[in-house]
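Asker: Dumping the structure here so I can ask a few things about it.
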Amino acid sequence: MIMIADVYIELKEGVADPEGEATKKALRLLGFRKVKNVSTRKVFRIEIDAKSKEEAEKEIREMCEKLLANPVIQRYRIIWIE
Amino acid sequence: MDDIKVAVLRIEGTNCEDETVKAFRSLGVWAEAVHLKQFYSDMIKEEEQRSIFDYHCIVFPGGFSAGDYVRAGAIFSARVKSVLKRDLEEFIKEGFPVLGICNGFQVLVELGALPGFDEDKPLAEKPEMALGINESNRFECRPCFLKHENRGKCVFTKRIEKGRILMFPVAHAEGRVIFPKGKEEEYVERLIENDQIVFRYVDDDGNYAGYPWNPNGSIYNIAGICNVRGNVFGLMPHPERVFWRYQHPNWEEAEKPGDGRVVFESVIDYLRTL
C-alpha cells in the first residue's frame with residue numbers, strides 16, 4: 001500500500017530561528033505591520049510502500065531520528081496526506 | 001611511525017580537500033583526498049579501494065557536502081554511519097586522530113563524535129549538540145581571532161601555548177554551537193572540566209566579545225572543541241586557509257608560517273609518537 005506523509009521538521013521551543021526573524025523584519029518593512037511572528041519549518045513529502053499505516057509511521061519516525069531531525073534543536077510532526 | 005598516511009574524505013560538494021591535502025604534504029606527510037565510495041563500493045577499481053585502517057589520520061574537510069541539504073553535514077554523516085560506523089569507532093578508540101574543519105565539524109557533530117563525552121562509545125547514538133544557523137542569519141566570511149584555551153589534551157593544538165591568539169578565517173552559515181536546552185551550563189562546565197574547549201572567539205584585544213567577533217552567536221564563544229580523549233577535533237574556522245603567511249590579510253614576511261600551520265604540525269608530532 002502506497003501512502004504519502006508530510007514530515008514537518010520544526011525548531012524546538014526556545015531555539016532561535018534567525019531565518020524566521022529576518023523574514024518577519026522584511027515583511028514588516030514591506031508594510032505588513034500586522035505580522036506578529038514568523039517561524040520556519042522544513043517539509044519532506046515521503047511516499048512509502050508499507051503494509052499498514054503503523055508500520056509506515058514507525059519507519060518515518062526512524063528516518064527522523066536517523067537523518068531528518070537533529071533532536072538537540074528540532075522536533076518532527078507527521079501529517080498523512082493519503 | 002615512519003610512513004604517516006592521511007586521508008581527506010570527500011563526497012559531492014566538499015571543496016576544501018585540496019588545500020587540506022596540500023597542508024599535510026607541505027610538511028612532508030603522505031596525504032590524499034579519498035572519495036567515501038572508495039571505502040565500500042564494488043564499482044571501484046581494485047587499486048583505488050581503501051580501508052580506514054590504511055591511514056593514520058582522517059580529515060573531514062570544509063565545503064558544502066551534499067549541498068548542505070537537510071542540515072549542513074547531515075547527509076555526509078548519514079552516509080558515513082551507514083558504511084563506516086564501526087571502523088570509524090574503532091579508529092577513534094585506537095587513538096588515531098580525526099579532524100573536522102567547518103563542514104567537517106558539522107559532520108562530526110551530526111555523527112555524534114563531538115562533544116564525544118563517552119570514551120568507550122566515540123560515536124553517540126544521536127547528536128548531542130547542533131551547529132545551528134548563525135545568529136545573524138548570514139553567511140559569515142572573514143578573518144576571526146581565536147584564543148587557544150586547551151590545557152594540553154587536544155592532539156591538534158599541542159604546539160600552541162594556552163592563551164595564544166591566532167587568526168583563522170571563517171566561512172559558514174551554520175556554525176552556532178547549541179547544546180540541549182536546559183543543559184547549556186552543564187555542557188559548558190563539563191567541557192571545561194574535561195579540557196575539551198580548544199578555541200574561543202575573541203576580539204582584536206583578546207577579550208571574549210559578541211558579534212561580529214563571535215561570528216555566529218556560539219554559546220561561550222566556542223569555535224572549536226575536542227572529544228574527551230583529545231583525538232577528535234572539530235572547528236568552524238579554517239586553519240588550512242592560513243597555512244602560509246601570505247594568506248594573512250596583513251602579511252609581511254612571506255617565509256614565516258601562517259597561523260594555521262601549527263595545527264597540522266601538532267598532529268604530525270602526535271602521529272610520530274603512535
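The values are calculated or read from the model by the stated rules, or taken from the named source; none is laboratory data. On a predicted model such as this, the values are computed, not experimentally measured, just so you know. Using ideal geometry, Cβ is built from the backbone for each residue, glycine included, and neighbour counts are taken over all protein chains shown.
Asker: So which of B:I75, B:I44, B:I92 ends up being of a type in the set (A, V, I, L, M), touching a strand residue (DSSP E or B) at 6+ places or on another chain (Cβ under 8 Å) and not in a strand (DSSP E or B)?
Answerer: B:I92
Asker: Just need a number here: residues in region B:175-191 that are within 11 Å of chain A (Cβ to nearest Cβ), touching a residue at least 40 places away in the same chain (Cβ under 8 Å) and farther than 14 Å from B:P237 by Cβ. Don't jump to the end; show me each part of the working.
Answerer: In the first step, residues of region B:175-191 are kept if they are within 11 Å of chain A (Cβ to nearest Cβ); the result is B:176-184, B:187.
Checking the rest, the ones that are also touching a residue at least 40 places away in the same chain (Cβ under 8 Å) come to B:176-180, B:187.
If we keep only those that are farther than 14 Å from B:P237 by Cβ too, we end up with B:178-180, B:187.
Count: 4.
Asker: Please tell me if B:F156 is in contact with a helix residue (DSSP H, G or I) (Cβ under 7 Å, 6 or more places away or on another chain), part of a strand (DSSP E or B) and away from chain A (no Cβ under 14 Å). Spell out how you get there, then give the answer.
Answerer: Numbers: in contact with a helix residue (DSSP H, G or I) (Cβ under 7 Å, 6 or more places away or on another chain): yes; part of a strand (DSSP E or B): no; away from chain A (no Cβ under 14 Å): yes.
No; evaluated as a whole, the condition is false for this residue.
Asker: Of these, B:G28, B:G62, B:G73, B:G67, which one is within 22 Å of B:P169 (Cα to Cα), over 17 Å from the mean Cα position of the chain (by Cα) and either modelled with pLDDT of 95 or more or surrounded by fewer than 16 Cβ atoms within 10 Å (Cβ to Cβ) (or both)?
Answerer: Residue meeting the stated conditions: B:G67.
Asker: Looking only at region A:1-39, count every residue that is within 9 Å of another protein chain (Cβ to nearest Cβ) and in a loop (DSSP other than H, G, I, E, B) and tell me the total.
Answerer: Residues in region A:1-39 being within 9 Å of another protein chain (Cβ to nearest Cβ) and in a loop (DSSP other than H, G, I, E, B): 6 in total.
Asker: Identify, please: which residue in region B:247-274 is hydrophobic (A, V, I, L, M, F, W, C) and in a loop (DSSP other than H, G, I, E, B) and is, among those, nearest to the chain's Cα centre (by Cα)?
Answerer: Step by step, filter region B:247-274, then rank; the result is B:L274.
Asker: Sticking with this one: Of the conditions (1) free of Cβ contacts under 8 Å to residues at least 12 places away in the same chain; (2) within 11 Å of chain B (Cβ to nearest Cβ); (3) in a helix (DSSP H, G or I), A:N70 fails just one. Which one is it?
Answerer: (3)
Asker: Any idea which of (1) surrounded by fewer than 24 Cβ atoms within 10 Å (Cβ to Cβ); (2) in a strand (DSSP E or B); (3) not polar (S, T, N, Q) is the one B:G100 doesn't satisfy?
Answerer: Of the numbered conditions (1) surrounded by fewer than 24 Cβ atoms within 10 Å (Cβ to Cβ); (2) in a strand (DSSP E or B); (3) not polar (S, T, N, Q), the odd one out for B:G100 is (1).
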